[in-house]
Each structure stands twice: as C-alpha cells, then as structure tokens.
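Heads up: the structure comes next, in structure tokens.
The values are calculated or read from the model by the stated rules, or taken from the named source; none is laboratory data. What you see is a predicted model, and the numbers here were worked out from it, not measured in a lab. Heads up, the Cβs are rebuilt from the backbone with ideal geometry, glycines too, and the neighbour counts pull from every protein chain shown.
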Amino acid sequence: TPESRNWFFRAFNKSFDATTSVYSRVIGAMVRRVAIVMIVFAGLVVLTGWSFGRIPTGFLPTEDQGYAFANIQLPDAASLQRTKEVLLQVDEIMRNTEGVADWVSIGGFSILSNTNGSNLGLVAIVFEPWEERQTPNLSQQAILAKVRREFYKIQQAIVFAFVPPAIDGLGSAGGFQMQIQDRAGAGLAVLQGQADQLIADGSEQPSLTALNTTFRASVPQIYADVDRTKVKTLNIPLSTVFNTLQASLGSAYVNDFNEFGRTWQVRVQADSQFRVEPEDIRRLEVRNAAGDMIPIGTFTDVEETLGPQVIQRYNLYPSAQINGSPAPGYSSGQALATMEQLALQEDIQYEWTGMSYQEKQVGNEQYVIFALAVVFVFLVLAAQYESWTSPAAVIAVVPLAALGVIIALLVRGADNNVYTQIGIVLLVALASKNAILIVEFARESRAAGNSIVEAAAAAAQLRFRAILMTAFSSILGFMPLLVSAGAGAASRQAVGNAVVGGMIAATFFALLFVPTFFVVFQRLSEIRQKS
C-alpha cells in the first residue's frame, strides 16, 4: 500500500499505535480506580471555579475601528485664538505620525461633554487602511501611544487621545464613564473639588489611565443683574431687554433667503469690536414705549464672577462626568472596581453611564447562560438516549473545558468578556461531541454483554483516533480566530481564546475522564433499574 511504502506514514502509524497502547493502559487503570478519579475530578472542578472568579472581567473588547479622537482643553475662558494655536500644534503632530491618513480639527467644541466653549477643541483622527497597518507599531494602540507622548509635550492645554465606544451611541468615548452626583445640594464648587480629587487619586492607581473631566465650576463669567423694577418704571418690556442682550452678544435668527441653489440663514449680532469689554453691555440701548432709546446700563449692573461653563445633570442631579480607560494589561472590570473603591464624600454619589452601565448591568448573567446551555444539551441527550444517567456521563466533562479557557486567557493576557462567554457557550456542544463518541460505543458494548469496565475501556480505545481527528480538525479550524487582524479582530480573538483553549482541554479531559464517568453513571443506572 502507499502507506507502507512512505516513511512518514510508517513512522506516524508506529508512533500512534504506541500512543494508543499507552492510552489504553492508562484508561484501564482509571476505570478500575473510580473513587480516586472522581476525587481528582472534583478537585479540578473546584480549581476551575476558583480560577474563573479571579480572571479579569470585561464587557466588549476595544476594536480598531480605523479612527480615534483627541480632546483639547485649555484653561478656563481661554480665547478661541489660543485654542486654534494649540490645534496647529496638534496638526503638526498628526502630520508627522506614521499610520495617520487624515484628521479634522474643530475649535470651540468638546465631544466628551457635547458642549461649546472657546477653550475646547476636537480632532477626529483617521488611520491608514487596515491592510496598510499590518505591523505591531502601526496598530491602533501603538499609534495612540505615540500621539499621547507628543500631546504631553503641549504646555498650553490638556490634550489626550481616545478611541470611540465599541457600540455607537453608548457614550462618547471608549473606556469608562462615571457620573458623580451632588445629591445633597453641596454645591457645584464641592462637586468640582470631588471630581478633581477623584481624578488625582485615580491617576495614582496602576489599573487606570487617561482620567479626565470637562466639568468646570469656576469659569470666569460676566453677570448682568437687570433691575426689573426700574425696567417697568421706564416702561420697557422686559422681553425687549433680554432679546437685545441675546441678539447683540449671542446672535438671533431672523429669516432665510435662497441664493446659489441653497438656503441661507440670516442672523444678527453686534460686531466683535462692540462686545469686547463688560462696559459694552452697558452701552447697548433698548426702546421704551414712548420710542426713546434707553442705555441698558441705566438699569443693569455688570460684574465679573465665577460659575460653571455648563451645568450637567444626570438623573436630575447636578453631575460631573469622569472619563478614563483601563491601563494596558488591565481589564475594564478591574478599572471599574478600582474607581468604586476610591473615596467620595457622603453627599456625593456616583452612577455608571454608557458602556460602563451596560457592563455593570450584565453582572454574573454569564453563569446563568452557561447553566442554561448545559441543561439544554443535557435534556436533548436525555431524549436521545431515553436515559438520565448516560447524558450525565457526557455532560460532566463540560466544566473542565472552562479550565482550558482560563489557561488560554492567562497565556494571552486577555479578559473574560462577552465574546469569551459566547465561546464558552459554544464549548458546551463542542465538548459534549467528543464525550458522545465514547459513551455511544460504550453503551453498545455494554448491550452486547461486556462488563461496564470492559465496555468503557474498549470504547475509549476504539474511538481514540476518531476523537483526536475531529478535535484537531476543530481546533485547527478555529486557529485563524487567534491570529485575525483588521476590523473586528479583537472580537474574533476573544472567541478564539475560549474555543481553542477550551477544545484542547475538553479533548484531553474527555479522553481521560469520560470512560470513568460512564462506569459511574452506568452502575447507578443499573442499580436503580434493579431496585
């Protein structure tokens, strides 16, 4: 035969026969020492449960979506011209960063707080296509690390880069978002102090990075105190006063007109040279009922003060949003746990929002889903075998597959996220498949008149090659998930970690333990039938 003439096949068959012989002797010894094997099995289950609770948890992996953002924040009340100067420095950094294809700079707006301000800025960064960023130094994480180092050199502003959220619409940035709330009316100044203290304390934690907030409670402002009694005395409609202030200092919509095939808005506003100084507010004039022009300074006191740039509310309470990310090597679950441990005043509470809220809501639902998957497979097998004990011999190996998942996550430095949990649910079926091959043949051998021990040992030896063949084909089929790149690579790798690691463990433990499981549960079944 061709196999006998080829040295590779001869060597392979000889090695495999020797392996099968060793495996048969091991199984023969294990099925005769059921008590010891079950004690070892129980120890492995306890180890799996203990280890699983200590694996870092996450929600969704951070994907390379091909773009990122940078937030610019200058000192309070800084002019838009100063913001533009910082944006020019950011433009130069983007121009010299490998892997960045394009970027858009916007002054006067913050995507984190969704507010306008002269001291705020936004840069949308577009990376090169995935196929042109195959090397590790051009990954999203590497590019952001480079630009962050350069941003730290900018002295005039706080500039930090961040990725978009994994799910559009859940938050404005990747990482985590915490809302600290003033629930006792302590005041915005206290809220600002707590936010700053929380960021300072969190920055000292190794599991946290890029902590920031856009909340500001002490922004220089101009306060115009209108004496309403004088306004009525002068026979001036109060609405006229406020409309004049709005139109002159802010702008006001008038109407639309069509030109060049487009619709344009007409807005009125005082020229910039007439709204530079606080005294310019006093010079504005309004008309009373008699038609006389009255300076606003006649009934308005203008003074400089401090106040919040924007009053944010979350669940009706004044709040300040704190953004951050897990440090490299830490999971989002660890970052959330660290933030929750940082001290706040009794009258200042916190809530999670965005992706962080969803992660906390999920909680330990993975265990319920895993249990339901096991029960479902068990009931299907019970209907097929018309027995409650034979499916137990199949399903008992499933918990040990999770031990392989744990080892894979530790080796790969990954966390236990939603995609990992999807892979674990897949393992319930994949791990059962190998066990079914042994149990099915053991049942037939037992029905043919062999003893329970002989039937289990014979089935394991007979299906050894088939189990390895199907297991290796499945494992090799899932291997591309581990080395995937491009869009969605992090999600595929998370599934691959669970499936490949779990399949290796499930195959190993199924070959060793399923014959013993069959002996135990078959004996219980026959004892119950006799009774």
Sole miss for Gln179 among (1) at pLDDT below 90; (2) within 21 Å of the chain's Cα centre (by Cα); (3) farther than 26 Å from Ser484 by Cβ is condition (1)
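Matching residues to (1) surrounded by fewer than 20 Cβ atoms within 10 Å (Cβ to Cβ); (2) modelled with pLDDT of 90 or more; (3) over 22 Å from Val219 (Cα atoms); (4) of a type in the set (S, T, N, Q):
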| position | (1), (2), (3), (4) |
| --- | --- |
| Ala68 | no, yes, yes, no |
| Asn71 | no, yes, no, yes |
| Ala78 | yes, no, no, no |
| Lys84 | yes, yes, no, no |
| Ile93 | no, yes, yes, no |
| Val104 | yes, yes, yes, no |
| Ser110 | no, no, no, yes |
| Gly117 | no, no, no, no |
| Gln141 | yes, no, yes, yes |
Looking at region 370-390, which of its residues are among the polar types (S, T, N, Q) and either touching a Pro at 6+ places or on another chain (Cβ under 9 Å) or buried (at least 18 other Cβ atoms within 10 Å of the Cβ) (or both)?
-> Gln384, Thr389, Ser390
Considering only strands (runs of 3 or more DSSP E) wholly within region 54-164, the ones with at least 3 residues that are among the charged types (D, E, K, R) are none
Matching residues in region 377-421 - criterion: being closer than 23 Å to Arg523 by Cβ and either among the polar types (S, T, N, Q) or not in a helix (DSSP H, G or I) (or both) = Gln384, Glu386, Ser387, Trp388, Thr389, Ser390, Ala396, Val397
Could you tell me whether Gln177 is of a type outside the set (Ser, Thr, Tyr), under 26 Å from Glu340 (Cα atoms) and touching a helix residue (DSSP H, G or I) at 6+ places or on another chain (Cβ under 6 Å)?
-> yes
Is it true that some residue in region 244-258 is under 41 Å from the mean Cα position of the chain (by Cα) and within 30 Å of Glu351 (Cα to Cα)?
-> no
Quick one: which residue in Gln134, Gln177 is crowded, with 18+ Cβ neighbours inside 10 Å and among the polar types (S, T, N, Q)?
-> Gln177
Some residue of region 391-414 being surrounded by 14 or more Cβ atoms within 10 Å (Cβ to Cβ), over 19 Å from Ala506 (Cα atoms) and touching a residue at least 40 places away in the same chain (Cβ under 8 Å) = yes
Scan region 228-245 residue by residue and report those that are surrounded by 13 or more Cβ atoms within 10 Å (Cβ to Cβ) and either modelled with pLDDT under 90 or not aliphatic (A, V, I, L, M) (or both).
-> Lys230, Pro237, Thr240, Phe242, Asn243, Thr244
Within region 446-459, identify whether any single residue is under 34 Å from the mean Cα position of the chain (by Cα), assigned by TED's automatic domain parsing to the domain that holds Val375 and outside any helix (DSSP H, G or I), and answer yes or no.
-> no
Subset tally (residues that are within 16 Å of Phe464 (Cα to Cα) and of a type outside the set (Val, Ile, Thr)) for region 475-516 = 10
Scanning region 1-57 residue by residue, those of a type in the set (Phe, Trp, Tyr), surrounded by 13 or more Cβ atoms within 10 Å (Cβ to Cβ) and over 22 Å from Ile467 (Cα atoms) turn out to be Phe52
How about region 179-274: which strands (runs of 3 or more DSSP E) wholly inside it have at least 2 residues that are closer than 13 Å to Ile322 by Cβ?
-> 208-213
